[in-house]
Number of protein chains: 2
Amino acid sequence: MSVANHFELLHTDGSARAGRLTTPHGFVRTPAFMPVGTAGAMKSLHWRDVREAGSDIVLGNTYHLMLRPGAERIAALGGLQTFTGWNGPMLTDSGGFQVMSLAQLRKVTEQAVTFRSHIDGATVVLSPERAVEVQRLLGSDIAMQLDECVRLPAERDDIDRAMQLSLRWAERCKRAFETAPEGYMLFGIVQGGDVPALRHESAQKLTDIGFNGYAIGGLAVGEPQAVMLAMIEETAPLLPKERPRYLMGVGTPEDLLEAVARGIDMFDCVMPTRNGRHGVAYTRRGQVNLRNARHADDPRPLDEESDWPSARNISRAYLHHLVKANEALGAMLLSEINIAYYQRLMRDMGEAIARGTFEAFRANVRAEWERGDLAPR
Amino acid sequence: MSVANHFELLHTDGSARAGRLTTPHGFVRTPAFMPVGTAGAMKSLHWRDVREAGSDIVLGNTYHLMLRPGAERIAALGGLQTFTGWNGPMLTDSGGFQVMSLAQLRKVTEQAVTFRSHIDGATVVLSPERAVEVQRLLGSDIAMQLDECVRLPAERDDIDRAMQLSLRWAERCKRAFETAPEGYMLFGIVQGGDVPALRHESAQKLTDIGFNGYAIGGLAVGEPQAVMLAMIEETAPLLPKERPRYLMGVGTPEDLLEAVARGIDMFDCVMPTRNGRHGVAYTRRGQVNLRNARHADDPRPLDEESDWPSARNISRAYLHHLVKANEALGAMLLSEINIAYYQRLMRDMGEAIARGTFEAFRANVRAEWERGDLAPR
């Protein structure tokens with residue numbers, strides 16, 4: 001395999017890993033959580049707060065961006081980093097997942113997936129080659145292969161068919177990516193649903209093709225957490241140790257902790273921002289629903305030991321009021337608080353791995369979650 | 001009149017004035033624009049950005065706050081400055097205006113206005129004494145008397161009746177405010193619609209009662225700008241020169257420029273934030289509607305000479321995209337850009353008044369607006 005490697009594996013502790021990924025737009029410390037800026041913006045967050053909350057890298061959705069404002073337009077405006085002002089490392093998905101979940105009248109053939117835009121109804125053809133082209137136009141530091149993701153539970157034949165198609169698309173994506181400039185990366189995606197044998201086959205064949213990094217796709221799509229973790233255990237050991245491993249679309253803080261324990265380096269998920277918009281805060285002591293009336297007269301902050309000012313300084317009473325009154329500031333504050341919590345968890349995991357104390361750290365974090373939130377006053 | 005004065009008139013230039021108001025929560029430079037934080041939050045803005053954009057003082061709406069989360073609750077939580085974290089000077093209206101515009105089944109008697117909450121239908125009685133009590137519970141630096149505001153055009157008899165009632169309520173508010181701690185202020189409100197004789201009578205009688213400052217109410221309620229400016233000209237000269245003058249609910253940048261020219265010191269308006277949420281930016285060269293397709297491919301910022309980073313650094317193409325995609329970040333950025341523009345205009349007016357060059361400044365600002373926005377590329 002002659003594929004360049006931009007990942008340094010710096011520490012391991014059991015199966016857990018800490019490292020550093022070098023992209024054209026900067027370094028990414030791993031384990032890394034990528035907040036999701038779907039349509040070229042992080043919902044309810046300024047980019048400076050995404051950065052200050054500890055994010056090294058963010059994710060953009062190719063499906064949304066290719067439909068509006070359009071990949072060619074973004075390229076003409078200097079690429080996604082210049083267009084948005086984020087100016088840091090960015091990974092884009094291939095668009096495949098959203099085509100499956102959002103687009104109408106989609107049709108999957110060997111050649112491509114054809115669908116109607118959910119915005120204006122236009123017919124769009126997304127082939128492996130076009131998925132790579134779009135991501136290169138966007139200027140993504142890390143592009144993802146086009147794949148077909150099957151929602152679970154599913155029949156083994158369906159899972160197998162989609163996995164085999166994804167492998168053929170992986171090869172086409174790799175060829176299309178060959179002319180990409182030095183430093184830009186393409187990741188392959190392991191599919192295979194909840195079937196260990198199919199996961200093994202997919203991981204092995206993707207590794208034979210050779211990518212800058214490897215994602216595990218098709219999880220967190222309806223299966224229990226135990227199945228997800230089992231599939232990570234089946235897959236991660238088969239992936240090249242020196243390459244970054246990305247678990248797509250995951251997850252809760254507990255998912256992150258358990259997946260890092262099983263050798264995952266990168267994650268993305270809408271949970272911290274989406275749940276923040278719905279009044280839920282993530283804290284050292286678990287989830288807190290600010291809609292709950294118990295907070296209405298509570299002058300205490302979410303977590304007086306947090307190093308994030310809004311979590312430490314703003315009263316639950318005020319957050320409760322903002323959420324109840326549907327004030328945009330409520331979504332803004334809870335989104336930044338949640339991203340900061342996620343990123344603090346990632347940093348702390350990385351430091352524990354570096355010190356060789358990950359198991360104790362994990363037990364301690366779980367114990368704090370289990371203590372639960374402060375008693376009502 | 002033994003009413004304390006916390007205003008220093010520092011400079012005059014023609015009728016225009018520049019000064020400084022001292023409140024329990026800090027100084028306010030005048031001319032001052034007060035952004036409106038209706039329900040204890042500035043829509044789509046962090047408080048730190050309200051401050052950084054140049055705001056010395058903000059306005060809260062008593063009507064909204066008394067209904068949710070409730071004045072007694074806010075008092076128990078330390079008052080509005082502590083509750084919200086704004087921690088600076090705050091003026092509250094009396095609630096009267098919103099009762100007229102938002103509440104259902106309202107009934108005005110000599111004693112009080114009775115209405116149903118637009119939130120939960122509860123019956124609420126707002127008397128002059130309760131309006132003062134609520135504002136003291138909120139901890140407002142500047143409380144406003146309860147008044148009755150008549151929408152224009154209206155019959156002279158209606159305007160007269162509401163003005164006379166407002167005068168009697170002014171006296172009751174003043175008595176209710178007598179026990180307020182040192183440094184807190186109560187402003188009377190001149191009513192009288194578009195009838196000069198009624199404005200004269202209202203201003204004279206309010207001055208006789210004696211307040212810390214004087215507002216001109218009942219304007220920007222449907223009348224042409226020329227009528228509003230004429231009423232200011234009728235009213236301002238009758239108000240005590242050494243007291244602050246506040247024009248309620250105004251207005252466009254042009255309204256502010258013309259009202260300052262006529263001796264007004266303070267303003268509040270939802271325009272910069274509301275219009276920001278609807279895709280409109282205020283700039284040195286007038287209003288810019290970012291929804292317009294002409295901006296879709298335009299890499300230029302709104303105003304490369306602005307001292308506000310978002311106005312100077314972010315492309316029109318990105319702002320257009322955010323507005324079209326209904327991304328919260330669009331409202332966040334345009335709200336801060338607009339508040340910063342308003343506050344820059346206020347500061348520049350103050351400096352021109354201090355230098356005795358207000359007339360030249362005013363002509364120059366008007367000429368820039370008339371040049372209009374940049375030509376499309």
Residue match in region B:351-369 (condition: under 23 Å from B:Ala18 (Cα atoms), in contact with a His (Cβ under 8 Å, 6 or more places away or on another chain) and buried (at least 24 other Cβ atoms within 10 Å of the Cβ)): yes
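Which is among the hydroxyl-bearing types (Ser, Thr, Tyr), modelled with pLDDT under 95 and under 30 Å from A:Asn313 (Cα atoms), of B:Ser117, B:Ser94?
Numbers: B:Ser117 fails: under 30 Å from A:Asn313 (Cα atoms).
None of the others qualify; the one that does is B:Ser94.
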Filter result for A:Asp307 (assigned to a loop (DSSP other than H, G, I, E, B), on the phi < 0 side of the Ramachandran plot, touching a residue at least 24 places away in the same chain (Cβ under 8 Å) and within 12 Å of chain B (Cβ to nearest Cβ)): no
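Here is a check on your reading of the model: is A:Gly60 within 14 Å of another protein chain (Cβ to nearest Cβ), farther than 22 Å from B:Arg291 by Cβ and at pLDDT 95 or above?
yes
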Among the residues listed as A:Glu336, A:Glu327, the single one being among the charged types (D, E, K, R), within 14 Å of chain B (Cβ to nearest Cβ) and crowded, with 23+ Cβ neighbours inside 10 Å: A:Glu336
Output for region B:118-139, where each listed residue is at positive phi and buried (at least 19 other Cβ atoms within 10 Å of the Cβ): B:Gly139
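Please specify each residue of region B:40-77 satisfying the condition of being of a type in the set (A, V, I, L, M) and more than 14 Å from B:Ser94 (Cα to Cα).
Within region B:40-77, the subset of a type in the set (A, V, I, L, M) is B:41-42, B:45, B:50, B:53, B:57-59, B:65-67, B:71, B:74-77.
Within region B:40-77, B:Ala41, B:Met42, B:Leu45, B:Val50, B:Ala53, B:Ile57, B:Val58, B:Ile74, B:Ala75, B:Ala76, B:Leu77 meet the criteria.
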Single condition A:Val36 does not satisfy, out of (1) within 14 Å of chain B (Cβ to nearest Cβ); (2) within 24 Å of A:Asp348 (Cα to Cα); (3) touching a Leu at 6+ places or on another chain (Cβ under 6 Å); (4) surrounded by 23 or more Cβ atoms within 10 Å (Cβ to Cβ): (4)
Any hit, region A:53-64, residues being surrounded by fewer than 22 Cβ atoms within 10 Å (Cβ to Cβ) and under 12 Å from A:Glu336 (Cβ atoms): yes
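Does B:Leu319 count as touching a Gly at 6+ places or on another chain (Cβ under 8 Å), in a helix (DSSP H, G or I) and either within 14 Å of chain A (Cβ to nearest Cβ) or not hydrophobic (A, V, I, L, M, F, W, C) (or both)?
Working: touching a Gly at 6+ places or on another chain (Cβ under 8 Å): yes; in a helix (DSSP H, G or I): yes; either within 14 Å of chain A (Cβ to nearest Cβ) or not hydrophobic (A, V, I, L, M, F, W, C) (or both): yes.
In short, yes.
For region B:277-304: of the residues being in a loop (DSSP other than H, G, I, E, B) and of a type in the set (A, V, I, L, M), which is surrounded by the most Cβ atoms within 10 Å (Cβ to Cβ)?
Within region B:277-304, the first condition is being in a loop (DSSP other than H, G, I, E, B), and the residues that meet it are B:278-279, B:284-285, B:290-292, B:296-300, B:302-304.
Those still in the list that are of a type in the set (A, V, I, L, M) too: B:290, B:296, B:302.
Numbers: B:Leu290: 26, B:Ala296: 16, B:Leu302: 28.
The extreme case among them is B:Leu302.
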Filter result for A:Leu345 (touching a helix residue (DSSP H, G or I) at 6+ places or on another chain (Cβ under 9 Å), free of Cβ contacts under 8 Å to residues at least 60 places away in the same chain and closer than 28 Å to A:Thr38 by Cβ): no
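If I ask for residues that are in a strand (DSSP E or B) and within 24 Å of the chain's Cα centre (by Cα), which ones from region B:116-131 would you list? Show your work before the answer.
To start, the set of residues in region B:116-131 that are in a strand (DSSP E or B) comprises B:116, B:123-126.
Within region B:116-131, just B:Leu126 meets the criteria.
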Verdict on B:Ala41 being open to solvent by 10 Å² or more (accessible area, probe 1.4 Å) and among the small types (Gly, Ala, Ser): no
Residue within region A:240-259 that is touching a Ser or Thr at 6+ places or on another chain (Cβ under 9 Å) and hydrophobic (A, V, I, L, M, F, W, C) present: no
Looking only at region A:79-100, and only at residues there that are touching a residue at least 60 places away in the same chain (Cβ under 8 Å), assigned to a loop (DSSP other than H, G, I, E, B) and open to solvent by 10 Å² or more (accessible area, probe 1.4 Å), the one that is nearest to the other protein chains (Cβ to nearest Cβ): A:Asn87
A:Thr273 vs. criteria away from chain B (no Cβ under 13 Å), of a type outside the set (Lys, Arg) and within 27 Å of the chain's Cα centre (by Cα): no
Residues of region B:225-270 that turn out to be under 12 Å from the mean Cα position of the chain (by Cα) and among the hydrophobic types (A, V, I, L, M, F, W, C), as a count: 9
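Check whether at least one residue in region B:352-359 is within 11 Å of another protein chain (Cβ to nearest Cβ) and not hydroxyl-bearing (Ser, Thr, Tyr), and report yes or no.
Scanning region B:352-359, I find no residue that is within 11 Å of another protein chain (Cβ to nearest Cβ) and not hydroxyl-bearing (Ser, Thr, Tyr), so the answer is no.
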Test result for A:Ser140, under 24 Å from B:His321 (Cα atoms), of a type in the set (Ser, Thr, Tyr), at pLDDT 95 or above and in contact with a strand residue (DSSP E or B) (Cβ under 8 Å, 6 or more places away or on another chain): yes
Unmet requirement for A:Phe115, which otherwise passes all of (1) open to solvent by less than 10 Å² (accessible area, probe 1.4 Å); (2) out of contact with any Lys or Arg (no Cβ under 7 Å at 6 or more places or on another chain): (2)
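For region A:193-241, which positions are small (Gly, Ala, Ser), free of Cβ contacts under 8 Å to residues at least 60 places away in the same chain and touching a strand residue (DSSP E or B) at 6+ places or on another chain (Cβ under 9 Å)?
Across region A:193-241, the qualifying residues are A:Ser202, A:Ala203, A:Ala220.
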Residue count for region B:140-164, restricted to those that are in a helix (DSSP H, G or I) and either under 20 Å from the mean Cα position of the chain (by Cα) or surrounded by fewer than 18 Cβ atoms within 10 Å (Cβ to Cβ) (or both): 5
Enumerated strands (runs of 3 or more DSSP E) restricted to region A:171-255, each holding at least 3 residues that are open to solvent by less than 10 Å² (accessible area, probe 1.4 Å) and either within 23 Å of A:His25 (Cα to Cα) or modelled with pLDDT under 95 (or both): A:185-190, A:213-216
Which listed residue is open to solvent by less than 20 Å² (accessible area, probe 1.4 Å) and within 14 Å of chain A (Cβ to nearest Cβ), from B:Ala71, B:Ala103, B:Ala76: B:Ala71
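Any residue at all in region B:239-259 that is small (Gly, Ala, Ser), within 27 Å of B:Thr23 (Cβ to Cβ) and touching a Lys or Arg at 6+ places or on another chain (Cβ under 9 Å)?
Here is the first cut: in region B:239-259, the ones small (Gly, Ala, Ser) are B:249, B:251, B:259.
Checking the rest, the ones that are also within 27 Å of B:Thr23 (Cβ to Cβ) come to B:249, B:251, B:259.
Subsequent filtering for residues that are touching a Lys or Arg at 6+ places or on another chain (Cβ under 9 Å) retains none.
The answer is no, given that none of the residues of region B:239-259 is small (Gly, Ala, Ser), within 27 Å of B:Thr23 (Cβ to Cβ) and touching a Lys or Arg at 6+ places or on another chain (Cβ under 9 Å).
May I ask you to list the residues in region A:319-331 that are out of contact with any Lys or Arg (no Cβ under 9 Å at 6 or more places or on another chain) and closer than 17 Å to A:His46 by Cα? Show your work before the answer.
Looking only at region A:319-331, we keep the residues that are out of contact with any Lys or Arg (no Cβ under 9 Å at 6 or more places or on another chain), and these are A:319, A:322, A:326.
Of everything in region A:319-331, nothing turns out to be out of contact with any Lys or Arg (no Cβ under 9 Å at 6 or more places or on another chain) and closer than 17 Å to A:His46 by Cα.
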Scope region A:7-26; condition open to solvent by 60 Å² or more (accessible area, probe 1.4 Å) and among the acidic types (Asp, Glu); matching residues: A:Glu8
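The values are calculated or read from the model by the stated rules, or taken from the named source; none is laboratory data. In this text the structure is predicted, and so the values were computed from the model without any measurement. Reconstructed Cβ throughout: ideal geometry from the backbone, glycine too, with neighbour counts over all protein chains shown. SASA here: full protein model, heavy atoms, side chains in, ligands and nucleic acids out. Shrake-Rupley method; radii C 1.70, N 1.55, O 1.52, S 1.80 Å.
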